[in-house]
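Novice: Questions regarding the structure given below will be posed in turn.
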């Protein structure tokens, strides 16, 4: 969920309502739930709903990376989104995350997610997920 701001414009080009809905779900609703100390099952449900919306948005976006990042990409090794890795047969605990991201496994479903370390720490504290062994 970190760095969503980089996806806002491309998503808005395809579906402005979806972009705004995702932004509100993360920026306002989820943040307010965490600050208020909502139960982990409520936070889990909100995160699941956000991930579903992000998957819908992913289908709208082109597969290419923006031009300014082209030189940073290793042509031999492009890291796919966690759920795409799972769909291709990779085990959740073997999912690769991009730079500065950490793998966390959702406790209730075993689904992988790549998040920043600070986010991973908070999700572990909330009981949402665990770090793979």
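Novice: For residue 107, indicate whether it is touching a helix residue (DSSP H, G or I) at 6+ places or on another chain (Cβ under 9 Å) and modelled with pLDDT of 85 or more. Spell out the reasoning first.
Specialist: Details: touching a helix residue (DSSP H, G or I) at 6+ places or on another chain (Cβ under 9 Å): yes; modelled with pLDDT of 85 or more: yes.
Considered against the rule, which asks whether it is touching a helix residue (DSSP H, G or I) at 6+ places or on another chain (Cβ under 9 Å) and modelled with pLDDT of 85 or more, residue 107 comes out as yes.
Novice: Pick out the one residue from 85, 46 that is within 14 Å of the chain's Cα centre (by Cα), at pLDDT 85 or above, part of a helix (DSSP H, G or I) and not assigned by TED's automatic domain parsing to the domain that holds residue 6.
Specialist: Values: 46 fails: not assigned by TED's automatic domain parsing to the domain that holds residue 6.
That would be 85, the only listed residue that is within 14 Å of the chain's Cα centre (by Cα), at pLDDT 85 or above, part of a helix (DSSP H, G or I) and not assigned by TED's automatic domain parsing to the domain that holds residue 6.
Novice: Among what's in region 30-39 and is in a helix (DSSP H, G or I) and out of contact with any helix residue (DSSP H, G or I) (no Cβ under 6 Å at 6 or more places or on another chain), pick the residue that is surrounded by the fewest Cβ atoms within 10 Å (Cβ to Cβ). Show your work before the answer.
Specialist: Going through region 30-39, the residues in a helix (DSSP H, G or I) turn out to be 30-35.
Right, trim to out of contact with any helix residue (DSSP H, G or I) (no Cβ under 6 Å at 6 or more places or on another chain) and you get 31-32, 34-35.
Details: 31: 11, 32: 11, 34: 14, 35: 8.
In this case the residue turns out to be 35.
Novice: When you look at residue 70, is it modelled with pLDDT under 80, exposed (fewer than 14 other Cβ atoms within 10 Å of the Cβ) and either under 24 Å from residue 107 (Cα atoms) or assigned by TED's automatic domain parsing to the domain that holds residue 111 (or both), yes or no?
Specialist: The answer is no for residue 70.
The values are calculated or read from the model by the stated rules, or taken from the named source; none is laboratory data. No experiment lies behind these values; they were computed from the predicted model shown. Note that each Cβ is placed from the backbone with ideal geometry, even for glycine, and that neighbours are counted across all protein chains shown.
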